[in-house]
Amino acid sequence: MSGSPLRDRSTGFALLTILLWASLAALTSRVTSVSPLVLVGLVLLFCGAGALPFWRQWRASPVTWLVTITALLFYHLLLFMSFRHAPVLEANLINYLWPLFIILFTPLLLPGHPLQGHHLLAGLLGLAGSVLVMVNGELQLQYAYLPGYLLALGAAIIWGGYSVLSRRLPAAPAVMVAAACLPAGLLALLMAWQLEGPLPLTTIPTGDWALITGLALGPMGAAFVTWYLALRDGDPRRIGALSYLTPLLSTLLLVWLNGEELTLRHVLAGTLILGGALLGLKASPAKNEPLLPNATP
């Protein structure tokens, strides 16, 4: 039986977001001329500037603005800091536990969305795949990188929680998510100025400016809007499982850019992640009406 138009559209938006987010770690890890706080501020500021022509559509309640700005700022701050305190590949994969948190948070925060057996199994398969990629033959984390691991875990919890809570926020146009990047970016730069001193804008290399612009246009720009549209009409449990494709693609990109060899361990992990994603797409017999029926793109 084919899925409903809303389900098909939300799945398409989710897949597009996944493709954009797959490049986030690879691009971010290459910007080393500024602190994580300045990097977050600049990228979010550029992203929000892209929403300025649509300012007439910035209709949202104060609580929607507050939750969105807070989530965007602190998720990316913790994530970018984790890349400086742990190997990028490992921190990136710990961060991608957020799809599992989406699946687990959904029955707690959204009425009428019970956690079913195949959703839990999908999350466990994705988690097992992520752990398999993260460890290198030994089921233990390196304590020297523990701060980075904890930062990445905090980022995963924030994004998983926000992704589910966004379904309970008052209705808002999708462009509002991009617009929220503007105050979030200004706050990050203000924090950087207060905590780190004058902003080193004149010393940023041209190549880093290009990466910052790319981040603002793709994985931290258009991806916010497509993610909002995916969650607005889709089932968070299914999207959460499908999102486990992101660490697979992101890991492959990091391996390719770093010139590393793709091992059997990566192949097995990819199989687990893909299996979890496909299992999470299984239709649910429960009726899952959108909680934001009046939201418009």
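Mind checking whether some residue in the range 95-106 is under 15 Å from the mean Cα position of the chain (by Cα), of a type in the set (S, T, N, Q), within 25 Å of residue 251 (Cα to Cα) and part of a helix (DSSP H, G or I)? Reasoning before the result, please.
Residues of the range 95-106 under 15 Å from the mean Cα position of the chain (by Cα): 95-103.
In the following step, the residues that additionally are of a type in the set (S, T, N, Q) were identified as 95.
Checking the rest, the ones that are also within 25 Å of residue 251 (Cα to Cα) come to 95.
Then keep just the ones that are part of a helix (DSSP H, G or I); that gives 95.
The answer is yes, given that some residue of the range 95-106 is under 15 Å from the mean Cα position of the chain (by Cα), of a type in the set (S, T, N, Q), within 25 Å of residue 251 (Cα to Cα) and part of a helix (DSSP H, G or I).
Condition first: in contact (Cβ under 8 Å) with a residue 40 or more places away in the chain and in contact with a Cys (Cβ under 8 Å, 6 or more places away or on another chain). Can you find one or more residues in the range 76-86 that meet it? Steps first, please.
Within the range 76-86, the subset in contact (Cβ under 8 Å) with a residue 40 or more places away in the chain is 76-86.
Okay, now just the ones that are also in contact with a Cys (Cβ under 8 Å, 6 or more places away or on another chain), so none.
No.
If the Cβ limit is 6 Å and pairs must be 6+ apart or interchain, which residue in the range 166-185 that is touching a residue at least 40 places away in the same chain (Cβ under 8 Å) pairs with which residue that is buried (at least 24 other Cβ atoms within 10 Å of the Cβ) and charged (D, E, K, R)?
none
Residue 34 - would you say it is among the β-branched types (Val, Ile, Thr) and either crowded, with 23+ Cβ neighbours inside 10 Å or under 11 Å from residue 218 (Cβ atoms) (or both)? Explain how you work it out, then say what you get.
Details: among the β-branched types (Val, Ile, Thr): yes; either crowded, with 23+ Cβ neighbours inside 10 Å or under 11 Å from residue 218 (Cβ atoms) (or both): no.
Criteria not met by residue 34.
Which residues, counting only those in the range 201-213, are buried (at least 16 other Cβ atoms within 10 Å of the Cβ) and in a helix (DSSP H, G or I)?
Step one: of the range 201-213, the residues buried (at least 16 other Cβ atoms within 10 Å of the Cβ) are 204, 208, 211-212.
Correct list: 208, 211, 212.
In the range 219-245, which residues are open to solvent by less than 10 Å² (accessible area, probe 1.4 Å), in a helix (DSSP H, G or I) and among the small types (Gly, Ala, Ser)?
221, 223, 230, 240, 241
So which of 149, 162, 145 is among the aromatic types (Phe, Trp, Tyr) and open to solvent by 60 Å² or more (accessible area, probe 1.4 Å)? Walk me through it before giving the result.
Details: 149 fails: open to solvent by 60 Å² or more (accessible area, probe 1.4 Å); 162 fails: open to solvent by 60 Å² or more (accessible area, probe 1.4 Å).
Within the list 149, 162, 145, the selection yields 145.
Out of 202, 226, report the one residue that is over 27 Å from residue 267 (Cα atoms), without any contact (Cβ under 8 Å) to a residue 24 or more places away in the chain and not hydrophobic (A, V, I, L, M, F, W, C).
Values: 226 fails: without any contact (Cβ under 8 Å) to a residue 24 or more places away in the chain.
Going through 202, 226 in turn, the sole match is 202.
Report yes if some residue within the range 109-118 is among the aliphatic types (A, V, I, L, M), modelled with pLDDT of 80 or more and open to solvent by 10 Å² or more (accessible area, probe 1.4 Å); otherwise report no.
Within the range 109-118 (the criterion being among the aliphatic types (A, V, I, L, M), modelled with pLDDT of 80 or more and open to solvent by 10 Å² or more (accessible area, probe 1.4 Å)), the answer is yes, since at least one residue qualifies.
Taking the criterion of being among the polar types (S, T, N, Q), at pLDDT 90 or above and open to solvent by less than 50 Å² (accessible area, probe 1.4 Å), would at least one residue in the range 68-79 satisfy it?
We begin by selecting, within the range 68-79, every residue among the polar types (S, T, N, Q); these are 68, 70.
Subset that is at pLDDT 90 or above: 68, 70.
Now restrict to residues that are open to solvent by less than 50 Å² (accessible area, probe 1.4 Å): 68.
Checking the range 68-79: at least one residue is among the polar types (S, T, N, Q), at pLDDT 90 or above and open to solvent by less than 50 Å² (accessible area, probe 1.4 Å).
The values are calculated or read from the model by the stated rules, or taken from the named source; none is laboratory data. What you see is a predicted model; the values in this text were computed from it and never measured. Methodologically, a virtual Cβ is constructed for each residue, glycine included, from the backbone with ideal geometry; neighbour enumeration extends over all protein chains shown. With ligands, DNA and RNA removed, areas are computed over all heavy atoms of the protein, side chains included. Shrake-Rupley method; radii C 1.70, N 1.55, O 1.52, S 1.80 Å.
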